[in-house]
Amino acid sequence: MVIFLLALIGTLIVMAILTIGRLGFGRREAFNQRKFVNWFAAFFVLNYIICLLILYTSEPALTGPFWGWQWLLWPLVISSIANLFAFARP
């Protein structure tokens, strides 16, 4: 059951970084709460699933390459790239 908590912690860390990027460096249009909540929910579920898959299929979270940070690195990279494509959309 610890694996679910680790995936949740990883998701919260990744979402905090993405939210800072989205709100701090976002477009110069008015803040739309509904659009932001939809974005947050979709990326939260995606990141939770990615973190859970990494933790479940690879080595335990505190071993392996990057001193165990691969369970945060890859969801952050994938989500950041997806977020860039979301900004490119008109």
Condition set modelled with pLDDT of 85 or more and loosely packed, with under 11 Cβ neighbours inside 10 Å, scope the range 21-46, selection nearest to the chain's Cα centre (by Cα): answer is Ala41
Pick from the range 47-66, criterion of a type in the set (Ser, Thr, Tyr), surrounded by 10 or more Cβ atoms within 10 Å (Cβ to Cβ) and part of a helix (DSSP H, G or I), ranking: modelled with the lowest pLDDT: Tyr56
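The values are calculated or read from the model by the stated rules, or taken from the named source; none is laboratory data. All values derive from a computational prediction rather than experimental measurement. Positions of Cβ are generated from backbone atoms using ideal geometry, with glycine treated the same way; all protein chains shown enter the neighbour counts.
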